[in-house]
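Reading through the structure tokens given below for one structure.
The values are calculated or read from the model by the stated rules, or taken from the named source; none is laboratory data. None of the values given here were measured: they were computed from a predicted structure. Backbone-built Cβ (ideal geometry, glycine too); neighbour counts: all protein chains shown. Side chains included, ligands, DNA and RNA excluded: accessible areas come from the protein's heavy atoms. Shrake-Rupley method; radii C 1.70, N 1.55, O 1.52, S 1.80 Å.
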Amino acid sequence: MQASVSCQNHIRDALAAGEHGCEPGLLRQVVELLERTGILIEEFDWQDWYRNQHLLDCPERIAAANAQQCRQLLSALARLERYSHGVLAHMRRRGVLLALLERLWQLEAMPQLALAVEASDPVSL
């Protein structure tokens, strides 16, 4: 089962790149959702992160990432946000956050994310 189109559209709208603001707490909700659905990696080799962080330089580079790299980068960004508030907002504005999720959708169906989004409060993710 693939992530539903409505789920993908909802997340695309919520995380669209650009200088416009997003709902307060939205990025925290996204991280919680990714944690709850098992998409984020709990433990990984930070050396891999350093080797792959160049993919975050621009959204176009993410098209070459594999699923493990996408999960690792999302996990690292979520961790970095804990200590450096604003990392996720910056990545959303540049289009990197959405590019990572869309690449992961391309590589994996992620039905668990679709189910979690569809079961959540319609006002939030």
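For the set E108, E60, the ranking by accessible area, highest first and with no ligand, DNA or RNA atoms included, is E60, E108 under a 1.4 Å probe. Sequentially through region 72-83, phi angles give Karplus couplings (6.51, -1.76, 1.60; θ = phi - 60°) of 5, 5, 4, 5, 5, 4, 4, 5, 4, 4, 4, 9 Hz, Gly and Pro residues having no value and appearing as x. Run the Debye formula on the Cα coordinates of region 43-107, all scatterers equal and no solvent, and tell me log10 I(q)/I(0) at q = 0.28, 0.29 1/Å. Log10 of I(q)/I(0), two decimals: -1.37, -1.43. Each listed q (0.12, 0.19, 0.21 Å⁻¹) maps to a log10 I(q)/I(0) for region 1-109, found by the Debye formula over equal Cα scatterers with no solvent: -0.37, -1.00, -1.26. Taking label points 7 Å from Cα along the Cα-to-Cβ direction, H20 and R94 give a separation of 2.2 nm.
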